[in-house]
Every structure is written in C-alpha cells, then in structure tokens.
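Every read-out reported here was derived from the displayed coordinates using simple, explicitly stated rules and does not represent laboratory data. These numbers were taken from a predicted model, which means no experiment stands behind them. So basically every Cβ, Gly included, is an ideal-geometry build from the backbone, and we count neighbours across all protein chains shown.
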C-alpha cells in the first residue's frame with residue numbers, strides 16, 4: 001500500500017499553494033489550456049484526478065468553472081474539448 005502511494009505521489013503535478021484544492025487545480029488546468037497543451041481533446045476526468053492526486057469531484061468542479069469561463073466545452077459521454085475563440089468552436 002505504501003509503495004503504491006509513493007509511486008502515485010511521484011507522478012502528481014505540483015499544485016502547492018493556498019486556497020481550496022479545486023481552485024489550484026483550476027489555475028493549473030487554465031494555464032495548460034491557454035498554453036495549448038490540449039490540442040484536441042482533454043484527458044478524462046479520471047486521468048486528470050490521477051495526475052493531480054485528487055478526487056474526481058475536485059476535477060469536475062475545476063472543469064465546470066472552465067466551462068463557465070468559456071475555455072472548454074463538454075460533450076456528455078465523449079469528454080471535454082478546448083474552445084477555439086469567441087465563436088465557441090472546438091479545436
């Protein structure tokens with residue numbers, strides 16, 4: 001059990017800081033979206049939760065905020081996509 005935790009910890013992205021975890025995940029995802037790190041489709045919620053070492057609920061909260069900000073769009077059952085400009089089209 002400890003071995004798994006150490007392996008998982010080493011793969012996590014550094015999101016240290018103050019404030020709620022979902023806001024720190026949001027800030028990092030926003031940075032990654034704006035940097036063009038997700039050219040087509042974003043990773044699954046489960047993959048992002050593993051990457052950040054947090055719950056899927058935390059990732060869902062951050063993704064919901066990105067949708068409100070107009071940076072991503074989500075097709076239920078197919079995943080999230082980065083929105084390309086104000087027209088709302090996906091990349």
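Here are the numbers for the structure shown:
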| read-out | value |
| --- | --- |
| Within region 65-83: backbone nitrogen closer than 16 Å to the residue 30 label point (7 Å, Cα to C-beta) | 65-73, 83 |
| Estimated inter-spin distance, residue 46 and residue 16, nm [label 7 Å along Cα→Cβ] | 3.1 nm |
| Residue 71 versus residue 38: modelled label distance in nm, points set 7 Å from Cα along the beta carbon direction | 0.9 nm |
